[in-house]
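Written out below as structure tokens is the structure these notes cover.
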Amino acid sequence: MTIHEIRQRYLDFFAARGHQVLPSSSLLPENDPSTLFTGSGMQPMVPYLLGETHPQGTRLADSQKCFRSQDIDEVGDNRHTTFFEMLGNWSLGDYFKKEQVAWMFEFLTRELPLDPRRLYVTVFSGNKEIPRDDETVSYWKEVFASVGIQAKDVDFSERDGMQDGRIFSYGEKKNWWSRSGIPENMPIGEPGGPDSELFWDFGVERGLHEKSSFSTEPCHVNCDCGRFMEIGNNVFMQYKKTSDGFELLPKANVDFGGGLERLAAAVANEPDMFLIDAFDEARRVIEGISGRSYSSNETNGTYAFRVILDHIRAATFLIADGVVPSNKDQGYYVRRLVRRAVRFGNMIGAKDVFCGSVAQAFIQEYANAYPELLQKKHVIVDELTKEEEKFKASLEKGLREFEKLSMKGIVSGSDAFNLYQSYGFPWELTEELAREKGQQVDREVFQDEFKKHQDLSRAGSAQKFAGGLADHSDEVVRLHTATHMLHQALRTVLGSHVEQKGSNITGERLRFDFSHPQKMTEEEKKQVEMIVNEQIQKDLPVHFEILDLDEAKNRGAIGLFEDKYAQLGGKIKVYFIGGDASAESFSKEVCGGPHVERTGGLGTFRIQKEEAVASGIRRIKAVLE
Ligand code: SER
């Protein structure tokens, strides 16, 4: 069964049980500044788990794209991936443990079907405040009994291992789920609850435990030897952290998350995740390019194949969601993915640029499930190729430099910074190279150098920003005020994901770059023009106030907070267009000025052009007539 068939069966199964099937959210979280990427299926659901009404009802199912940046350097073994899909079904105060256990068992053992004799489960053993989950134990016993299996429940014990058990209870480290882990680490207000995990047994007969570095300890389902693989997690999300413990959420929820690729590996009974169908075509492409086979482990080739497969698939999906390789934020992770893949490609003898071809194999593979990949195909291939070419040019020189340095002794933090500066080696790459030689690099020194460099470049960008206005002539100032109005109108029409990415104003026209995933329609452009012109005609007064950062945020100001805040040492200047004691302002934006005093004299605002400048970034040129 392909991953696409498994995904469909899961969604159909829950749709038939009253669930609304939702499309995957973006890999870039919306309205969640706490994290750079969507790393689990529940992340976009947090407000609803906390009690907000979901517009689609109380039973929901989806397959969510996830990216876990913290796993980049783990990739290379047979099961770590940074990108994966998480199947999810949610009950928002609707059904609870009994239904979830019964349905999940039915899905796994009848729909896929997995052999129930190879399924094991875990439950929460309880803590001071929250009792052992005996209820869930009893439901698991029932469903296993229905297929003739007497499921013994035991407390996990490091000394005794399996104890012929099928249902194991573990403490809060393993069977408590919240975004921040164990209860003690949860911030106030965070939802969480006991969970019940599902494990697939690849079979004792493979001898995985005996061959592993854990062979001296008894094996158990959470052992890292590879015999067991976690395929899903039923979270009974019922609690909310308070200042002195927990309280019940307004409703008891179910949050199930199942790794799609892991389910496919269980169905195929194949412990190497990179041998499931989703990687077949891309694997063949790499074999063609390198002239090696995935399984011949010459110079650690299998490891290299896995890195390339995972990293290029992740980068493909990330670029489709609007991230491009860069030196900061999400873009830096895409850069790291591509550069690490290029390094491993080099290791297995890939002479020509290859990332684009590997990406095309994934685009084809996922075209039906994620049509946006096909729509963004050119951007994806272009961005990958540009990044690969840029890095390829310096990779070999950088590697030679690294060799020289490491032969002389320990590679220092400032060496690492020089490798970064001169050859584009991300810190993590140098660290990995050093690790391969059994050496360590001093991260603090690297960071100090990096900070110094950043301070310099920040000063540079501050100057650039001031230069966003060609001069302070009347024409430029009028267009500057119009730019603020445009910014606000774009957010009103397109949504609050619109953020300023650049601005350049001459006496003739304004130019405004902003984040938005697709081309604007004619209708959207008209609406934006209309809103700006309406506000111009109202002859709104323009004024500024100097505010504390927090106050500005509270009052809903938009704009380039961090840079401006740093420059002005604690206070920022916010321009308001319209608004007084009786009316809300039309626009509130962090800005140094200058601006006109009233909007009435601006004339008529007209968009001349709307075009792409980079993936996920659009550019508008507009004039006042
Ligand atoms: N929230 C749980 C997880 O991410 C189940 O979806 O593992």
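The values are calculated or read from the model by the stated rules, or taken from the named source; none is laboratory data. Quick caveat: nothing in here was measured; it's all calculated off a predicted structure. Cβ placement follows ideal geometry from the backbone for every residue including glycine, while neighbour counts extend to all protein chains displayed.
Residues in region 226-240 that are hydrophobic (A, V, I, L, M, F, W, C) and either closer than 18 Å to MET186 by Cα or more than 12 Å from the ligand (Cβ to nearest atom) (or both): PHE228, MET229, VAL235, PHE236, MET237.
Residues GLN64, GLN20, GLN100: which one is closer than 30 Å to SER615 by Cα and polar (S, T, N, Q)? Every option except GLN64 fails the conditions.
Let me confirm something: among SER63, SER40, which residue is hydroxyl-bearing (Ser, Thr, Tyr), within 26 Å of ALA314 (Cβ to Cβ), within 16 Å of the ligand (Cβ to nearest atom) and outside any loop (DSSP other than H, G, I, E, B)? Give the derivation first.
Numbers: SER40 fails: outside any loop (DSSP other than H, G, I, E, B).
Criteria check complete, one pass: SER63.
Beta carbons closer than 9 Å, at least 6 apart along the sequence or on distinct chains, pair a first residue in region 607-625 that is part of a loop (DSSP other than H, G, I, E, B) with a second that is at pLDDT 95 or above and among the hydroxyl-bearing types (Ser, Thr, Tyr) for GLU625/THR604.
Which strands (runs of 3 or more DSSP E) sit wholly inside region 118-202 and have at least 3 residues that are away from the ligand (no atom under 16 Å from the Cβ), among the charged types (D, E, K, R) and modelled with pLDDT under 95? Step through it out loud before you land on a result.
Details: elements: 119-124, 153-155, 167-170, 176-178, 191-201.
The strands (runs of 3 or more DSSP E) meeting that bar number zero.
The one condition from (1) at pLDDT 95 or above; (2) surrounded by fewer than 18 Cβ atoms within 10 Å (Cβ to Cβ) that LYS97 does not meet is (2). On the basis of being surrounded by 14 or more Cβ atoms within 10 Å (Cβ to Cβ), at pLDDT 90 or above and under 28 Å from the mean Cα position of the chain (by Cα), does PHE512 make the cut? For PHE512, the condition - surrounded by 14 or more Cβ atoms within 10 Å (Cβ to Cβ), at pLDDT 90 or above and under 28 Å from the mean Cα position of the chain (by Cα) - is met.
Go through the residues of region 241-254 one by one and say whether even a single one is assigned to a loop (DSSP other than H, G, I, E, B) and away from the ligand (no atom under 16 Å from the Cβ). Give the steps one after another, and end with the answer.
If we filter region 241-254 for residues that are assigned to a loop (DSSP other than H, G, I, E, B), which is where we start, we get 243-244.
Retained after the next criterion (residues that are away from the ligand (no atom under 16 Å from the Cβ)): 243-244.
Yes, the conditions are met somewhere in region 241-254.
Scanning region 73-94 for residues that are at pLDDT 95 or above, over 16 Å from HIS19 (Cα atoms) and surrounded by fewer than 20 Cβ atoms within 10 Å (Cβ to Cβ) yields a total of 0.
Inspect region 406-426 for any residue being more than 22 Å from TYR332 (Cα to Cα), hydroxyl-bearing (Ser, Thr, Tyr) and not in a helix (DSSP H, G or I) and give the result as yes or no. Yes; the residues of region 406-426 include at least one that is more than 22 Å from TYR332 (Cα to Cα), hydroxyl-bearing (Ser, Thr, Tyr) and not in a helix (DSSP H, G or I). Within region 15-32, the presence of a residue that is crowded, with 20+ Cβ neighbours inside 10 Å and within 12 Å of the ligand (Cβ to nearest atom) is excluded.
Residues checked against (1) under 24 Å from TYR420 (Cα atoms); (2) in contact with a Ser or Thr (Cβ under 6 Å, 6 or more places away or on another chain); (3) crowded, with 17+ Cβ neighbours inside 10 Å:
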| site | (1), (2), (3) |
| --- | --- |
| VAL342 | yes, no, yes |
| LYS351 | yes, no, no |
| TYR366 | no, no, yes |
| LEU373 | no, no, yes |
| ILE380 | no, yes, yes |
| LEU384 | yes, no, yes |
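For TYR332, state whether it is over 23 Å from MET86 (Cα atoms), in contact (Cβ under 8 Å) with a residue 12 or more places away in the chain and out of contact with any helix residue (DSSP H, G or I) (no Cβ under 8 Å at 6 or more places or on another chain). Yes.
Residues to consider are TRP90, TRP103; find the one that is under 18 Å from SER146 (Cβ atoms) and either of a type in the set (Lys, Arg) or touching a residue at least 60 places away in the same chain (Cβ under 8 Å) (or both).
Residue meeting the stated conditions: TRP103.
Counting the residues of region 103-144 that are under 19 Å from TYR10 (Cα atoms), of a type in the set (Phe, Trp, Tyr) and touching a Ser or Thr at 6+ places or on another chain (Cβ under 9 Å) gives 1. Considering THR506, THR430, THR481, the condition of being more than 26 Å from TYR333 (Cα to Cα), modelled with pLDDT of 90 or more and of a type in the set (Val, Ile, Thr) is satisfied by THR481 alone. Name the residues in region 261-276 that are crowded, with 24+ Cβ neighbours inside 10 Å and within 14 Å of the ligand (Cβ to nearest atom), would you? Correct list: LEU263 only.
When we screen PRO194, PRO187, PRO183 for residues that are under 24 Å from LYS251 (Cα atoms) and surrounded by fewer than 18 Cβ atoms within 10 Å (Cβ to Cβ), the only hit is PRO187.
Checked against the criterion of being surrounded by 15 or more Cβ atoms within 10 Å (Cβ to Cβ), touching a residue at least 24 places away in the same chain (Cβ under 8 Å) and touching a Pro at 6+ places or on another chain (Cβ under 6 Å), region 198-209 has at least one qualifying residue.
Exactly one residue among THR38, THR53 is of a type in the set (S, T, N, Q), touching a Ser or Thr at 6+ places or on another chain (Cβ under 8 Å) and without any contact (Cβ under 8 Å) to a residue 40 or more places away in the chain, and that residue is THR38.
Annotation for region 433-440: at least one member residue is modelled with pLDDT of 90 or more, among the small types (Gly, Ala, Ser) and over 25 Å from HIS543 (Cβ atoms).
For (1) away from the ligand (no atom under 14 Å from the Cβ); (2) basic (Lys, Arg); (3) part of a helix (DSSP H, G or I), each residue gets a yes or a no:
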| position | (1), (2), (3) |
| --- | --- |
| TYR10 | no, no, yes |
| HIS54 | yes, no, no |
| SER91 | no, no, no |
| VAL101 | yes, no, yes |
| ARG110 | yes, yes, yes |
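With respect to the stated conditions, ALA282 is away from the ligand (no atom under 16 Å from the Cβ), touching a residue at least 60 places away in the same chain (Cβ under 8 Å) and not in a loop (DSSP other than H, G, I, E, B).
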